[in-house]
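Below: the structure, in structure tokens.
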Amino acid sequence: MQDNDSLAIKDLVATASPIIKTLVDTFVTPKLEQFRDKFKDDSKINLLPSESHFTEYYHRTYKRLIVVSTLVFNNSQRLLSEIFLPLTLTNKNDDKLKVKISGYPQEISDEFSNILITDTAGMGKSTLMKVIFIDIVNNNIGIPIFIELRRLSANKKLLQEIQEQINALDKSLDLELLRTLLAEGGFVIILDGYDEISLVDRDVVTADIQDF
């Protein structure tokens with residue numbers, strides 16, 4: 001990577017700090033405070049994720065997703081914004097319904113709670129998922145959680161992976177409290193790479209995702 005590219009990445013990561021703080025202050029803190037008040041008599045309430053868990057998670061994930069490696073440039077690293085081109089999504093039930101997206105698809109997200117994007121390998125789905133995560137953070141839209149589905153298996157459930165991502169520094173979070181918190185709403189769960197799930201585990205993981 002050229003020095004100019006490295007400086008640009010460092011600048012973006014540094015700029016992310018106040019953006020992430022705004023996101024946590026706007027969405028995460030009020031949700032956690034409301035949840036703590038609602039479940040204050042639960043003996044496990046101290047095992048709930050804290051604001052610091054989310055802050056650390058966003059710094060770590062933002063830094064990881066803002067840069068991508070691409071074979072086009074000899075497997076060198078590039079800023080996500082440099083290589084992404086807006087994609088046009090077509091409704092498989094009505095090919096006249098098309099929407100061009102360059103970030104978080106607010107319009108269709110308001111209409112549909114679950115959105116499945118399919119295409120052949122190499123068409124930019126994973127890049128789009130990263131762009132959506134970054135856009136949510138940059139524009140203070142909600143509470144995004146980015147999950148790489150290849151990390152799931154018959155022995156690793158989706159909820160466990162979310163727990164590990166949010167709680168990378170401390171493994172004491174309570175799964176049931178986390179499940180209840182997620183069920184309260186306000187989260188944007190981004191699942192990337194369905195085709196990368198092991199074929200041996202795909203049926204089990206698919207059922208787990210559907211249950212979630």
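The values are calculated or read from the model by the stated rules, or taken from the named source; none is laboratory data. Everything quoted here is computed from the prediction, not taken from an experiment. Please note: Cβ atoms are built from the backbone with ideal geometry, for glycine as well, and neighbour counts cover all protein chains shown. Each accessible area value is taken on the protein alone, full model and side chains, heavy atoms only, with ligands, DNA and RNA left out. Shrake-Rupley method; radii C 1.70, N 1.55, O 1.52, S 1.80 Å.
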Inset, instruction - Filter the stretch 12-46 down to the residues that are in a loop (DSSP other than H, G, I, E, B) and open to solvent by less than 80 Å² (accessible area, probe 1.4 Å), then identify the one that is modelled with the highest pLDDT. - result: 39
Inset, instruction - Could you grab the pairs with beta carbons closer than 8 Å, sequence gap of 6+ or different chains, first residue in the stretch 79-100 and closer than 12 Å to residue 128 by Cβ and open to solvent by 90 Å² or more (accessible area, probe 1.4 Å), second one part of a strand (DSSP E or B) and not basic (Lys, Arg)? - result: 100/87; 100/88; 100/89
Legend entry - Evaluation of residue 188 against (1) closer than 24 Å to residue 25 by Cβ; (2) surrounded by 19 or more Cβ atoms within 10 Å (Cβ to Cβ); (3) β-branched (Val, Ile, Thr) (one fails), failing number: (2)
Legend entry - Matching entry among 203, 195 (being over 30 Å from residue 43 (Cβ atoms), open to solvent by 40 Å² or more (accessible area, probe 1.4 Å), part of a helix (DSSP H, G or I) and at pLDDT 95 or above): 203
